[in-house]
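Working notes, structure below.
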Amino acid sequence: MANVCILTDSTAQFVQPNFPGHERVFAIPFELQNGEELGGDGLSSLRKSRQRLIPPSPSQFVHFYEQLSRNYDSIMVLPLSSQLNPVMKNAILATQQFSNNSTVEVVDSQTTGVGLGMLVQVAAGAASQEVPIAEISRRIRIAIPRVYSLFCIPDLTVLAQSGYMEWSQAIAGEMMGLLPIFAIEEGRLAPMEKVRTPRHLFEAFQDFMSEFESPTHIVLVQGQNHNTLRARPLKLFMQENFPEAPFALLSLQPHLSALLGTQATGLFVSEMVDEN
């Protein structure tokens, strides 16, 4: 009889908290650290105080492994993409320091936020049915390429701070008022296009959705500036074109804001099927 729990991180976001197996899900927290003012060079309008997302250390992971192994035989670790933060590296280092007999398996989700939450729900549902950890891992690896996400990230200096682009590009982009759009592809932020107005952004999101035939879930996540992309027209578009797919609207949670900026807007789409 398999006794598996799921350990994710605090960037995971769930549409409904009481999903099957939620009692087996635990989240190791990130630390939010206030950063220095950025973007100087006389451009006072771009000087902003940033929060940095500090991943849990290997010793913190070991502590969680030890605590969870008291009640579970196996621990499935499902953190955000290794291309977005070094948290997965720390989770793997911790497995080398963990001497308990419990099995620990670390899987790169290649996503974050709601996308990570979707994958955690798959793992938790299987764990609640006492599926062995090897089979849970197989199902997760099948599900990963079926979770898609698109982000509009106006706050480009956040990406520069994280090393995703050059400072000169970020500052120039913000001064021009561009709305850059990125997709998460194989765990990386891949630039798609740049638009100038909310209307063009809405059209870009529509074009993205036109690639899908029968999505199983659609979630829009909005940051502080809700005018960047108005939710109601997009919701109406989804209901007309994908009436059978549940649509949810969520606010950008703090840890994802630290990663992508407080103004980010994300669209998550799942085409996962029931592996049972």
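The values are calculated or read from the model by the stated rules, or taken from the named source; none is laboratory data. Not measured: the values here are computed from a predicted model. Backbone-built Cβ (ideal geometry, glycine too); neighbour counts: all protein chains shown.
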message: Yes or no: region 115-127 includes at least one residue that is among the aliphatic types (A, V, I, L, M), touching a strand residue (DSSP E or B) at 6+ places or on another chain (Cβ under 8 Å) and free of Cβ contacts under 8 Å to residues at least 60 places away in the same chain.
response: yes
message: I need every pair where a residue in region 20-32 that is under 22 Å from Q60 (Cβ atoms) and not assigned by TED's automatic domain parsing to the domain that holds S10 has its Cβ under 8 Å from the Cβ of a residue that is β-branched (V, I, T) and not in a strand (DSSP E or B), sequence separation at least 6 or different chains.
response: none
task: Return yes or no: is L38 modelled with pLDDT under 90 and touching a Pro at 6+ places or on another chain (Cβ under 7 Å)?
output: no
message: Condition first: modelled with pLDDT under 85 and either surrounded by 17 or more Cβ atoms within 10 Å (Cβ to Cβ) or not assigned by TED's automatic domain parsing to the domain that holds P254 (or both). Can you find one or more residues in region 62-75 that meet it?
response: no
message: Condition first: surrounded by fewer than 17 Cβ atoms within 10 Å (Cβ to Cβ) and in contact (Cβ under 8 Å) with a residue 24 or more places away in the chain. Now tell me which residues in region 211-226 satisfy that.
response: F212, S214, Q224, N225
query: Going by the conditions given, is L229 part of a strand (DSSP E or B) and surrounded by 15 or more Cβ atoms within 10 Å (Cβ to Cβ)?
result: no
- request: Give the residue, chosen from A143, A160, A134, that is of a type in the set (A, V, I, L, M, F, W, C), under 28 Å from H200 (Cα atoms) and surrounded by fewer than 24 Cβ atoms within 10 Å (Cβ to Cβ).
  value: A160
message: Given (1) outside any strand (DSSP E or B); (2) among the charged types (D, E, K, R); (3) modelled with pLDDT under 90, identify the lone condition not met by K194.
response: (1)
- request: Just need a number here: residues in region 169-224 that are of a type in the set (S, T, Y), over 18 Å from L236 (Cα atoms) and in contact with a Lys or Arg (Cβ under 9 Å, 6 or more places away or on another chain).
  value: 0
field: Test for I184: is it aliphatic (A, V, I, L, M), more than 17 Å from T262 (Cβ to Cβ), in contact with a helix residue (DSSP H, G or I) (Cβ under 9 Å, 6 or more places away or on another chain) and in the same structural domain as A231 (by TED's automatic domain parsing)
entry: yes
